[in-house]
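Single-structure report; data block below.
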């Protein structure tokens, strides 16, 4: 299921036209967390021209907006690292 979730995350983030995109499943580091309820923990590293001129908070909001339909059912926790592209 993790591979499916990673592919779903990648697909949704394509709307930001990423220059680079890395998704890491960190779920194994959080085994036993009762509140997760089977949803995953992920790290997203994304660079996009879409972020140029935007605050870090706005960049993160853009990522969350792309993944909103996956939370909290498929994504329990998300660590986001954004970069602009020159």
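Values in this text are rule-based calculations from the coordinates and carry no lab data. Since we're looking at a predicted model, the values are computed, not measured. When we count neighbours, we look across all protein chains shown, and the Cβ atoms used for this are built from the backbone with ideal geometry, even at glycine.
A few notes on this one:
- Using the Cβ-Cβ distance between residue 55 and residue 15 with R0 set to 30 Å, the FRET efficiency works out to roughly 0.95.
- The length gained on full extension between residue 22 and residue 84, counted as 0.36 nm times the residue separation minus their Cα-Cα distance, comes to 20.9 nm.
- For the stretch 2-83, share of DSSP beta bridges that run antiparallel, in % to the nearest 5: 45
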